[in-house]
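What follows is a short report on a single structure.
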Amino acid sequence: MMGHLKRIFMGTKAVADRVKRVIVEVLGVHEYEVTDAAIFVDDLGTDSLDTVELVMALEEEFDCDIPDNYATDLRTVGDVVNYFTSRTTPLVPN
């Protein structure tokens, strides 16, 4: 008989902390610059190469693939946090 499954939710703060740590490491920006409202291009000075490196680092951090159509919609730090918060609900045995 299969065991029951439950969802484990990674809280928004845990996701935000991981996302922000990756952004600081990859982009070399100060932690205080990485706010939810920060726009990657305008506020954090990213270019297309930075964006590719950041997406790859986030995929590695969260062990997932970000489809290109989603990656282009991630304009702010908050967008990235929301993206991963909505996707970190794996089913695990109870």
Residue list for region 1-33, restricted to those being under 16 Å from G78 (Cβ atoms), at pLDDT 95 or above and not in a helix (DSSP H, G or I): V29
When you look at D36, is it surrounded by fewer than 13 Cβ atoms within 10 Å (Cβ to Cβ), in a loop (DSSP other than H, G, I, E, B) and not hydrophobic (A, V, I, L, M, F, W, C), yes or no? no
Can you name the residue in region 39-63 that is closer than 15 Å to N82 by Cα and under 12 Å from the mean Cα position of the chain (by Cα) and is also surrounded by the most Cβ atoms within 10 Å (Cβ to Cβ) among such residues? L58
At pLDDT 95 or above, part of a helix (DSSP H, G or I), over 10 Å from the mean Cα position of the chain (by Cα) and on the phi < 0 side of the Ramachandran plot - does that describe any residue in region 76-91? no
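The values are calculated or read from the model by the stated rules, or taken from the named source; none is laboratory data. Note that the structure is predicted; figures quoted are calculated from it, not measured. All Cβ positions, even for glycine, are placed from backbone atoms using ideal geometry, and neighbour counts span all protein chains on display.
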